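Reading through the structure tokens given below for one structure.
The values are calculated or read from the model by the stated rules, or taken from the named source; none is laboratory data. It should be emphasised that the depicted structure is a prediction, and the values quoted were computed from it without experimental measurement. Cβ: placed from backbone, ideal geometry, glycine included. Neighbour counts: every protein chain shown. These area figures cover heavy atoms from the full protein model, side chains too; ligands, DNA and RNA do not enter into them. Shrake-Rupley method; radii C 1.70, N 1.55, O 1.52, S 1.80 Å.
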Amino acid sequence: GLLSIWKRTLDIAGALLGLALSSPIFLVLGAYIKMVSPGPVLFKQKRLGFRAVPFTFLKFRTMHPDNDPHHHQAHLKELIASDEPMEKLDRSSDPRIIPGGRVLRKACVDEIPQLINVLKGEMSLVGPRPCLPYEAREYLRWHGQRFDVRPGLTGLWQVSGKNNLTFKQMMRLDIRYCRNMSLWLDLKILVRTIPTIIGLVFEGISNRLARAARRRQGGGLRQAVSSED
């Protein structure tokens, strides 16, 4: 209907523009990933899309290849059960991440290949994030409403707090979007996405500086104790 026409038109136009503007990033990041880590440039993973139909989800690879997914699966299961803020595993030092990978993830640059998913009609510019099959197995019945629309590159959850929110809050935001989807809401979310990403980058920088300061302070205290001995 009319709804799908405007949304698909926005998706195609946005994806083509995004791919044209980001083509230099594909070349530079492709070369960088190959230089710092053996393996493919793109990370491919099965995710669930519209009506929970599986599709191949694309990202720039920011982790070393052949990682065991069970650690992430257990972490996700715990987040869903505990309803704690959805902190990612890569917030702390994670040996699975390639050099510079944490910066790429924080700036959401690793998500750019999903513009190809958008162009293919598997994703939309705006919508709930596509979930993993093992994540969906933990869903309650009402959670399934998030499959009523195509998953998105960005969405209401991302611009409303993202990892500072709980799983239940994420679900409610996703379902609110599904029920109130409109051209105006999509444009509003897209406009809010850029400052949100900039805020996340600055948050990551400030957190890293704070951790470095604490380490320096701890080293100074240890040295003082040693000198007193």
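Key figures for this structure:
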item	result
Filtered residue count, the stretch 108-132, keeping only those that are over 22 Å from S182 (Cβ atoms), open to solvent by less than 10 Å² (accessible area, probe 1.4 Å) and of a type outside the set (S, T, N, Q)	3
Residues (out of contact with any strand residue (DSSP E or B) (no Cβ under 8 Å at 6 or more places or on another chain), closer than 27 Å to S22 by Cα and part of a loop (DSSP other than H, G, I, E, B)) located in the stretch 50-63	none
So P24, is it assigned to a loop (DSSP other than H, G, I, E, B) and either of a type outside the set (S, T, N, Q) or touching a Gly at 6+ places or on another chain (Cβ under 7 Å) (or both)	no
Test set (1) in a loop (DSSP other than H, G, I, E, B); (2) closer than 18 Å to D174 by Cβ; (3) within 16 Å of the chain's Cα centre (by Cα) - E122 fails condition number	(3)
Close pairs from the stretch 48-73: first closer than 26 Å to M35 by Cβ, partner among the hydrophobic types (A, V, I, L, M, F, W, C) and open to solvent by 30 Å² or more (accessible area, probe 1.4 Å), Cβ under 6 Å, at least 6 apart	L58/L42; L58/I116; K59/F43; R61/F43
Qualifying positions in the stretch 68-80 - modelled with pLDDT under 80 and either of a type in the set (A, V, I, L, M) or exposed (fewer than 12 other Cβ atoms within 10 Å of the Cβ) (or both)	D68, P69, H70
Test: L140 is surrounded by fewer than 16 Cβ atoms within 10 Å (Cβ to Cβ), free of Cβ contacts under 8 Å to residues at least 60 places away in the same chain and of a type outside the set (K, R)	yes
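Table: residues versus (1) outside any strand (DSSP E or B); (2) among the aliphatic types (A, V, I, L, M); (3) on the phi < 0 side of the Ramachandran plot.
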| residue | (1), (2), (3) |
| --- | --- |
| E135 | yes, no, yes |
| E138 | yes, no, yes |
| H143 | yes, no, yes |
| L153 | no, yes, yes |
| K168 | yes, no, yes |
| C178 | yes, no, yes |
| D186 | yes, no, yes |
| I189 | yes, yes, yes |
